[in-house]
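Scroll down for the structure; my scribbles are underneath it.
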Amino acid sequence: LKYSEEQAKRKQLYNQIQETKGNIRVFCRCRPLSREESSNGCATVVDFDAAKDGDLGVLTGGSNKRTFKFDRVYTPKVVVDVFADASPLVVSVLDGYNVCIFAYGQTGTGKTFTMEGPEHNRGVNYRTLEQLFSVARERSDAFTYNLSVSVLEVYNEQIRDLLATSPASKNNRLEIKQTSEGSHHVPGIVEAKVDNINDVWSVLQAGSNASILCIMVKTKNLMNGECTKSKLWLVDLAGSERLAKTDAQGERLKEAQNINKSLSALGDVIYALATKSSHIPYRNSKLTHLLQDSLGGDSKTLMFVQISPSEHDLSETLSSLNFATRVRGVELGHARKQI
Ligand code: ADP
């Protein structure tokens, strides 16, 4: 009974943010002006007048203003709401859904702040896991949950296991394989069993600078003995700034190109899903291939689009907001052009 009440409550919460059909939510979060920007008298181009309705205004020069619509818009000061809004989605991994949460945006806009957070104000990763353990405990008379965590990174289109301990296994070429049931996994990757939030904390420290966390949940329904597996991905994406702006060369250029490739591959996958294309190009990048089980189907996706309020970042901000609009827009069925 406790479980069904709790599930009903969560569904209600989820429906509140689900003003539209589909499984992709986009939350927009803006960082504050930095101290340096403030002292330089840097102007702010964002307007939060209608933020509570999910509208974000951007002053694009002169008296021009563009308005973008998202599922949520957070002013720089908002903290707690961000997690409260994300939590129904996160907890649905305990109901057997695959979930993917990722932070997208230019470097320095708060992706790490949102996902990891400073120690005094922890981010989505920590709070998410804290909540998973607490809900799992509440449901312990009806379900047993086994949780494990992998910490990885995709660098230059290679998967690195940040929990691997020996230098040899660190350098292993990890590949993505498909199981006979059709789900995807990385054979040989460390899956650290976690029983409580302290276990997770030590895992996270071991995999510092983690960009990708995967929480695997094995659920046993004690009523009917049924077992299910689900996954929660928490991804701090690389900075989305456009290549033209970097004057990188050599290795740095290769890195920037690969980052670009995974971000545009992610956009292409979401676009193909939304337009119900017969071919979803998951294999075009390691990132989308990895996340395959948690993008599309009945899985749930939450994208944080992170932006800067500064006039100096206007063009990157518009580019991120356009990307996010297309991600959200395509699900609503008014896709126009390819991401
Ligand atoms: P990114 O991961 O996108 O490169 P960071 O998370 O490192 O960006 O954020 C850049 C800086 O902005 C950090 O100093 C961070 O503490 C600060 N910051 C970002 N978002 C917020 C926020 N909502 N409130 C206060 N400070 C923030």
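The values are calculated or read from the model by the stated rules, or taken from the named source; none is laboratory data. All values reported here derive from a predicted model rather than from experimental measurement. Here the Cβ is made from the backbone with ideal geometry for all residues, glycine too, and neighbour counts use every protein chain on show.
Of Gly96, Gly110, Gly123, Gly105, which residue is in contact with a Gly (Cβ under 9 Å, 6 or more places away or on another chain) and either more than 16 Å from the ligand (Cβ to nearest atom) or at positive phi (or both)? Can you show your working first?
On the way: Gly96 fails: in contact with a Gly (Cβ under 9 Å, 6 or more places away or on another chain); Gly110 fails: in contact with a Gly (Cβ under 9 Å, 6 or more places away or on another chain); Gly123 fails: either more than 16 Å from the ligand (Cβ to nearest atom) or at positive phi (or both).
Among Gly96, Gly110, Gly123, Gly105, only Gly105 is in contact with a Gly (Cβ under 9 Å, 6 or more places away or on another chain) and either more than 16 Å from the ligand (Cβ to nearest atom) or at positive phi (or both).
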Taking the stretch 272-289, which residues are under 26 Å from Leu174 (Cβ atoms), surrounded by fewer than 24 Cβ atoms within 10 Å (Cβ to Cβ) and of a type outside the set (Ser, Thr, Tyr)?
Ala272, Leu273, His279, Ile280, Pro281, Arg283, Asn284, Lys286, His289
How many residues are closer than 19 Å to Val99 by Cβ and not polar (S, T, N, Q) when one looks only at the stretch 268-309?
20
Within the stretch 67-81, can you find the residues that are among the charged types (D, E, K, R), under 21 Å from Glu116 (Cβ atoms) and surrounded by 15 or more Cβ atoms within 10 Å (Cβ to Cβ)?
Arg72
Give me the residue from the stretch 201-254 that is buried (at least 21 other Cβ atoms within 10 Å of the Cβ) and among the acidic types (Asp, Glu) and, out of that set, modelled with the lowest pLDDT.
Glu241
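Mind checking which residues of the stretch 89-122 are outside any helix (DSSP H, G or I) and in contact with a Leu (Cβ under 9 Å, 6 or more places away or on another chain)? Let's see the steps before the verdict.
At the first step, the residues of the stretch 89-122 found to be outside any helix (DSSP H, G or I) are 96-110, 116-122.
Scanning the stretch 89-122 gives Tyr97, Asn98, Val99, Cys100, Ile101, Phe102, Ala103, Tyr104, Gly105, Glu116.
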Select from the stretch 49-103 the residues that are over 20 Å from the mean Cα position of the chain (by Cα) and among the β-branched types (Val, Ile, Thr) and write down the one among them that is nearest to His120 (Cα to Cα).
Val58
Find the residue count for the stretch 44-79, including only residues that are under 16 Å from Ala324 (Cα atoms), in a strand (DSSP E or B) and more than 16 Å from the ligand (Cβ to nearest atom).
7
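Tell me, which residue of the stretch 126-144 that is in a helix (DSSP H, G or I) and among the small types (Gly, Ala, Ser) is farthest from the ligand (Cβ to nearest atom)? Spell out the reasoning first.
Initially, the stretch 126-144 is screened for residues in a helix (DSSP H, G or I), giving 126-138.
Add one more test, that the residue is among the small types (Gly, Ala, Ser), and what stays is 134, 136.
Values: Ser134: 25, Ala136: 29 Å.
Among those residues, the one meeting the criterion is Ala136.
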Would you tally the residues in the stretch 290-329 being crowded, with 20+ Cβ neighbours inside 10 Å, within 16 Å of the ligand (Cβ to nearest atom) and small (Gly, Ala, Ser)?
4
